[in-house]
């Protein structure tokens, strides 16, 4: 197997919190606190979790739209966190992002032709504005829009059409890697299906790799090759799609999966209800960050931070239960069977 397109190792991003008149630092928001995963060529890794768990921050830190505090992000053999601005600009041609909000991610003062065509001129893909206009029309056709729309402005389009324009802009430079930051969450369900199918078609046509950030596990089942589950800035579990949906091991992942609607008549499941609220990322719990809501937590969980444990082929879980190998492991297997 060839080397991964993207290798993320121990990525950390904290935001300082200031208080008082003199703006003294009172702490930090631990948005992303040491996550690691790989992304192979022409594959999709879905990053899932509750709102506020650090998914979007992780995606933007990988692209260096936010400066990470520590860790490494290897893309095409280069550490994105260490390159200077000139090299970063060159790499950005091959790393793109589709933003969550299709209403605020497009410049209202530019035409669609300018929005898609300007990056082509800046990176030297085309030489003239006429060439950029022609290429913009081709890309609009690929995403299911009329070529004549290049002369229109963003306010003239619906949310689904705007997201298609954002997708056209993201593939304009022939990138290798795209971060899809909740790319369909702001759209109607029927439009979501169209955009997801479009992303899959473009992935095959351009040999793209996606980091697909979402909270919708139904979408993950359809689009992902591998899944990374995050909780409060930490990785709870990562596995292939099949391993994740056939037998998730972490109690948090099992709770997420139990909430996914099932369409098969007569299928039964036991709903796992998590008690309490998500703790503050400014002052996260000691030990395992999930222990305050975990139905299987015991004394060690509040004292020690768990390490990742391999529980199968391409399947890793961050939980003390798999190190202790006590009778509690039988309990978590039973929960997996019920979910």
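Taking the condition out of contact with any helix residue (DSSP H, G or I) (no Cβ under 9 Å at 6 or more places or on another chain), at pLDDT below 80, loosely packed, with under 12 Cβ neighbours inside 10 Å and over 23 Å from residue 13 (Cβ atoms), does residue 271 pass? Show your work before the answer.
Details: out of contact with any helix residue (DSSP H, G or I) (no Cβ under 9 Å at 6 or more places or on another chain): no; at pLDDT below 80: yes; loosely packed, with under 12 Cβ neighbours inside 10 Å: yes; over 23 Å from residue 13 (Cβ atoms): yes.
For residue 271, the condition - out of contact with any helix residue (DSSP H, G or I) (no Cβ under 9 Å at 6 or more places or on another chain), at pLDDT below 80, loosely packed, with under 12 Cβ neighbours inside 10 Å and over 23 Å from residue 13 (Cβ atoms) - is not met.
Please determine, by comparing only the residues of the stretch 294-312 that are out of contact with any strand residue (DSSP E or B) (no Cβ under 7 Å at 6 or more places or on another chain) and in contact (Cβ under 8 Å) with a residue 40 or more places away in the chain, which one is farthest from residue 16 (Cα to Cα).
Among those residues, the one meeting the criterion is 312.
Name the residues in the stretch 288-318 that are within 24 Å of residue 45 (Cβ to Cβ) and part of a loop (DSSP other than H, G, I, E, B), would you? Give the steps one after another, and end with the answer.
Taking the stretch 288-318 first, the residues within 24 Å of residue 45 (Cβ to Cβ) are 288-290, 305-318.
Matches in the stretch 288-318: 288, 289, 290, 305, 306, 307, 313, 314.
Could you grab me the full set of residues in the stretch 183-234 that are crowded, with 20+ Cβ neighbours inside 10 Å and at positive phi?
232, 233 - these are the residues of the stretch 183-234 that are crowded, with 20+ Cβ neighbours inside 10 Å and at positive phi.
Taking the stretch 51-66 as the region of interest, how many residues are surrounded by fewer than 16 Cβ atoms within 10 Å (Cβ to Cβ) and touching a strand residue (DSSP E or B) at 6+ places or on another chain (Cβ under 8 Å)?
Of the residues in the stretch 51-66, 1 are surrounded by fewer than 16 Cβ atoms within 10 Å (Cβ to Cβ) and touching a strand residue (DSSP E or B) at 6+ places or on another chain (Cβ under 8 Å).
List pairs: first in the stretch 10-28 and over 24 Å from residue 307 (Cα atoms), second outside any strand (DSSP E or B), Cβ under 8 Å, 6+ apart or cross-chain?
Going by the 8 Å Cβ cut-off, the qualifying pairs are 17/282; 26/20; 27/282; 27/283.
Any residue that is in a loop (DSSP other than H, G, I, E, B), touching a helix residue (DSSP H, G or I) at 6+ places or on another chain (Cβ under 8 Å), modelled with pLDDT of 85 or more and buried (at least 19 other Cβ atoms within 10 Å of the Cβ) - is there at least one of those in the stretch 275-287? Lay out the reasoning, then the answer.
Taking the stretch 275-287 and keeping what is in a loop (DSSP other than H, G, I, E, B), we get 275-287.
Then drop every residue that is not touching a helix residue (DSSP H, G or I) at 6+ places or on another chain (Cβ under 8 Å), which leaves 285-287.
Next cut, modelled with pLDDT of 85 or more only: 285-287.
Filter once more, keeping what is buried (at least 19 other Cβ atoms within 10 Å of the Cβ): none.
Looking for residues that are in a loop (DSSP other than H, G, I, E, B), touching a helix residue (DSSP H, G or I) at 6+ places or on another chain (Cβ under 8 Å), modelled with pLDDT of 85 or more and buried (at least 19 other Cβ atoms within 10 Å of the Cβ), one finds none in the stretch 275-287, hence no.
Can you name the residue in the stretch 75-97 that is over 17 Å from the mean Cα position of the chain (by Cα) and part of a strand (DSSP E or B) and is also nearest to residue 41 (Cα to Cα) among such residues?
Only one residue fits best here, namely 78.
Just to be sure, is residue 67 over 24 Å from residue 42 (Cα atoms), assigned to a loop (DSSP other than H, G, I, E, B) and at pLDDT 95 or above?
Yes; evaluated as a whole, the condition is true for this residue.
Go through the stretch 160-239 and tell me which strands (runs of 3 or more DSSP E), entirely inside it, have 3 or more residues that are over 15 Å from the mean Cα position of the chain (by Cα), within 19 Å of residue 55 (Cα to Cα) and touching a residue at least 60 places away in the same chain (Cβ under 8 Å). I'd like the intermediate steps shown before the answer.
Numbers: elements: 177-181, 209-213, 226-231.
Those strands (runs of 3 or more DSSP E) do not exist here; none qualify.
For residue 106, which of the numbered conditions (1) assigned to a loop (DSSP other than H, G, I, E, B); (2) over 24 Å from residue 76 (Cβ atoms); (3) within 20 Å of the chain's Cα centre (by Cα) fails to hold?
Result: residue 106 fails condition (3) only.
The values are calculated or read from the model by the stated rules, or taken from the named source; none is laboratory data. Just so it is clear, the structure is predicted and the values come from calculations on it, not from any experiment. So basically every Cβ, Gly included, is an ideal-geometry build from the backbone, and we count neighbours across all protein chains shown.
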